[in-house]
Structure formats: structure tokens, C-alpha cells
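Written below as C-alpha cells is the structure these notes are about.
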Amino acid sequence: MKHAIHTKNPYSGQSLDQYKYHTTSDINTILEHAQKAFNNWKTTDIKHRTKLLKNVANILEDKKEEFGQLMTREMGKPISQSIAEIEKCAKLCDFYIANADKFLSDQIIKTEAHESFISYDPLGTILSVMPWNYPFWQVFRFAIPTLTAGNVGLLKHASNSTGTAIAIQKLFLDAGYPEGCFQTLVINHEDMDAIIGNDIVKAITLTGSEKAGKSIATLAGQNLKKTVLELGGNNACVVLDDANLDKYLDTMVTARMQNNGQSCIAAKRFIVTEKIYDSFLEQFTQKVKDLKIGDPEDTDTYISVMAREDLAKELETQVSKSIKKGATVHYGNSRDGAFYQPTIITNVKPDMPLFDEETFGPVAAVIKAKDKKEALELAKNSRFGLGTMIFTENIKAIYDEISDIPDGALFINDMVKSDPRLPFGGTKASGYGRELSKEGILEFVNIKTVYINK
Ligand code: NAP
């Protein structure tokens, strides 16, 4: 069994740091600290909690370059995208500063009682298991609403983002949160059983792969503890005959290629109707060719390495298997270590990994559809349900389709994206539960009915 996590820069290959795993005794101490912190934190006034949120936002702003560089070194995200991620975390704080009080206030419900209302009480210690792809944003969209609701948080971050996890723990302390309110666990998967089984942990949220989701949900189920699961996706980007390519092609390229293609809500299947197919493919290809490839620490780099070489190899296998089944390389498709060239694969069909599975890297699968009806059928043909995007000028006709799209999000003439004001989450193999907005802050509270007769 390994005794420490070694982090490595995926671009330079250089070793970054090493972190000793917490022992069983360390883990028990962390859990006890969490419980102790909760006993006081739950009694604090919402005004105090939102004041601390302002401190968090200020630290994020002040240190965005430093935090951005840490992320970039650990997982290869181009630096300008890393800094933008930190800025987005600060905006998330602003949203809950403005709205948390309203979301968490008692809600009066008129009944025959003298008084009846709903109160929203914190649950206690919430465990989060997080991925490396948005190493700050994923943690913040859990931690900010969850702590503001009066809970305390534990973070088990992706191993390759351990430096980031420790920086986030320090950030909360620097912002004035009490000791134990937000703690990082440096642990093995095998430790999860005892942690989830411990009475101090009241609920678990995981953002990650389907496999990890099943494993954590099984442990949580055995202990009858609530879970929120934000898992993978293979979002369709439907391009209809009347799509405005001049206006929206850049958005479509970003939808696939940002973060080196490693986004759960990326456009993974471009489903394009026959009439517009040739002009879409020509213009899309040109834009992909123009993407600036380079060192992730250079501010003008748009595409760099993937987070780890094994992930790039996995993507290569999905592409090769699809080619064996009849898909065609239209552009790109070379790999060098953790670097995967931006790639476009055509003739993709159901039953190929590029259609059926999640592809986590800069590979766009292009599928030709006869017409709108077939395009939407293909879009819905997925085990996943994070989101669908449709590009069309006929907005009126789209209203009829809304209830038929079985996903957590539908974006028309835009890419699927997260926004603190809107709920975020999936259906089917993409998981369940919601983050962000009012729905997100209410995931980890006891929605308590209070009924008073006189
Ligand atoms: P991953 O391999 O599933 O890992 C996610 C987290 O789960 C990591 O902290 C990982 O720890 C941990 N983990 C994995 N298996 C575990 C187990 N059996 N027991 C306990 N912990 C376990 O996913 P990833 O490669 O980091 O992230 C990419 C995936 O996340 C993609 O599928 C992507 O779509 C999904 N994602 C979804 C959303 C969403 O909102 N729906 C957002 C972002 C990403 P280690 O690193 O130590 O293995």
C-alpha cells in the first residue's frame, strides 16, 4: 500500500510535491474536529456567515494568479482559464452573499394550525469527493452554499489536486472560518468505508466518474446517508439547418475544447443535419486548427496537455475502437504523452465508444443526421443526461421540444454552462441532485415542518 501521494506536472513531467496519507488516528481527529466545529458553527447568524463569504471572495481576487498557477501546475489547465475559474468562484460567493438569507429563511405555510412553517436546518458534517478538472470551482460550488447553510465540510480531492485541496483549506482559515469548519482529508479509497460509516458524517456529495459515483453511493446506501452525485456526460450539440454558424461557431468550439476538452458538460457529440453539415464541418475544422497550442503557463495558450498521460491513453483507445467500427479521422488524432492533439472524428454512429461513452479530452465526434427529428432522436440516445444544446434560429419551434429532452439542462444557441443563479445537475447515469442556486443550498439541510397549535 502506498504511503503518500506524489503530484507531478503533466506538462513538464516534473515532480511537484508529496503528501503523506492521513492515518486512521488522523482521520478520527479530523472527524472529531468537524463535529466540534459544527456544534458552534450551526448557531452562528447568517449575517456572520455571509460576512466570511466576503472575506473568501476578497482572498480569491487577491490571490487569483497564485491559485491559478497551482492548478495549472497540478493538472495542466491553461493559465488564463485557471484564473477565470478563480474569478468565477468569487462570483459564486457574491451570489450567496446576496441570496443565502432569503433561501434559508423560514417559509410560512398557511394551514389550520396557529402557525406552520418550514425551517431549513443544517445537517452536520458533509463529505465531498471532488475531481481534478475544475479543482477550485467544483470544491467551491459544494463548499460555499453548504457552509453558508450552517454545515461543516470535509474534502477528499482528486489525488493529483492535493496541493490545491490544502490551499483551499488554508483559504477558509485565512478568511476567518473556525478551525474544523472546512478540512481536507488526504486518504486512500479504502478509507472511505469507515469515514462514510462514521456517525459524524451526515451526507456525501461526489463529482466524478460513474464508477466512483456507484462506489460511493453503495457505501452511502449501506449507511442510509443522502448523496448528491454529479457524474459524467456525453452532451449532444445539435446543429440544425438554420443554425447561425457565423455567430455561434466559436461557442461550439469552446463547448468542446475548453479545459483541454475535460469538462463534464462539454459538447461531446456534434449532431449536424445534412443541409448544413458540409459548411459546419469546414468552418469548425478551421477554427479547431487555429487553436493556440502550447505551455499551459503561457497566457495565450488555449490547448495544452491533459491532466495525466493515462487519461490521454484512455481517450486514444476510445478513438481507436470507434475507428475499427467505421468512424473516420477528419482532423488530428495524434498523442504525445499527456498531450492529445485537438481532433475531429466523423462518421460516428451509435454503438461506437465516441457515441455511447464519455470522452474526456479534445476530441469532437461528428454525427450526420437526416433532419431535425433524427437529430433530436440521436441526441436523446444516451445513457447520460447532463445537458443538450441546440443551435437554431427557429426559437418558437424549440418550445415544443423542451419537455421531451430528458436532461438536467437544455441550452439554445449557447453552450451548456454552470451559473450560480441556475441549478446544475444531471439525470440518468449523470447522477442526481442539484448544485448552485436555491436548489443547491437546500440539498444539505433538514427541510423541517414545524406545526404549532395554541
Ligand atoms: P474520478 O476518477 O471518478 O475521481 C473523482 C474523485 O473520486 C477523486 O477524488 C477520486 O480520487 C475519487 N474516487 C474515485 N474512485 C473512488 C472510490 N472508489 N472511492 C473513493 N473515492 C474515489 O473522476 P475524475 O477523473 O477525477 O474526473 C472526471 C470525471 O468527473 C468525468 O467523468 C466528469 O464528467 C466528471 N465530472 C462531473 C461533473 C458534474 O458536475 N456532473 C463535473 C466535473 C467532472 P482519486 O483521485 O484519489 O482517485
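The values are calculated or read from the model by the stated rules, or taken from the named source; none is laboratory data. None of these values were measured; they are calculated from a predicted model. When we count neighbours, we look across all protein chains shown, and the Cβ atoms used for this are built from the backbone with ideal geometry, even at glycine.
Of the strands (runs of 3 or more DSSP E) lying entirely inside segment 187-247, not one carries at least 3 residues that are within 8 Å of the ligand (Cβ to nearest atom), in the same structural domain as Lys287 (by TED's automatic domain parsing) and touching a Cys at 6+ places or on another chain (Cβ under 9 Å). Taken together, the residues in segment 1-23 that are more than 16 Å from the ligand (Cβ to nearest atom), at negative phi and loosely packed, with under 14 Cβ neighbours inside 10 Å amount to 3.
Test of understanding: among Gly176, Gly180, Gly197, which residue is closer than 12 Å to Lys225 by Cβ and over 23 Å from the mean Cα position of the chain (by Cα)? Lay out the reasoning, then the answer.
Values: Gly176 fails: closer than 12 Å to Lys225 by Cβ; Gly180 fails: closer than 12 Å to Lys225 by Cβ.
One residue alone meets the criteria, Gly197.
For segment 292-300, the count of residues that are surrounded by 23 or more Cβ atoms within 10 Å (Cβ to Cβ), in contact (Cβ under 8 Å) with a residue 40 or more places away in the chain and within 16 Å of the ligand (Cβ to nearest atom) is zero. Here is the figure for segment 248-262: residues that are among the charged types (D, E, K, R) and within 14 Å of the ligand (Cβ to nearest atom) total 1. In segment 301-353, the qualifying residues are those that are basic (Lys, Arg) and part of a loop (DSSP other than H, G, I, E, B), and the one that is surrounded by the most Cβ atoms within 10 Å (Cβ to Cβ) is Arg308. The single condition from (1) away from the ligand (no atom under 16 Å from the Cβ); (2) in contact with a strand residue (DSSP E or B) (Cβ under 7 Å, 6 or more places away or on another chain) that Gly326 fails is (2). For first residues located in segment 40-53 and surrounded by fewer than 20 Cβ atoms within 10 Å (Cβ to Cβ), partners that are β-branched (Val, Ile, Thr) and lie 6+ apart or on another chain with Cβ distances below 7 Å form the pairs Thr50/Ile97; Thr50/Thr148. With the condition kept exactly as written, say whether any residue in segment 77-86 is surrounded by 23 or more Cβ atoms within 10 Å (Cβ to Cβ), assigned to a strand (DSSP E or B) and not hydroxyl-bearing (Ser, Thr, Tyr). No, every residue in segment 77-86 fails to be surrounded by 23 or more Cβ atoms within 10 Å (Cβ to Cβ), assigned to a strand (DSSP E or B) and not hydroxyl-bearing (Ser, Thr, Tyr).
Of these, Gln341, Gln283, which one is within 19 Å of Cys237 (Cα to Cα) and either assigned by TED's automatic domain parsing to the domain that holds Gln262 or within 16 Å of the ligand (Cβ to nearest atom) (or both)? Of Gln341, Gln283, the one residue that is within 19 Å of Cys237 (Cα to Cα) and either assigned by TED's automatic domain parsing to the domain that holds Gln262 or within 16 Å of the ligand (Cβ to nearest atom) (or both) is Gln283. For beta carbons closer than 7 Å, sequence separation of 6+ or different chains, a first residue in segment 124-137 that is aromatic (Phe, Trp, Tyr) and a second that is near the ligand (Cβ under 9 Å from one of its atoms), the qualifying pairs are Trp132/Ala158; Trp132/Asn160; Trp132/Ser161; Trp132/Ala307.
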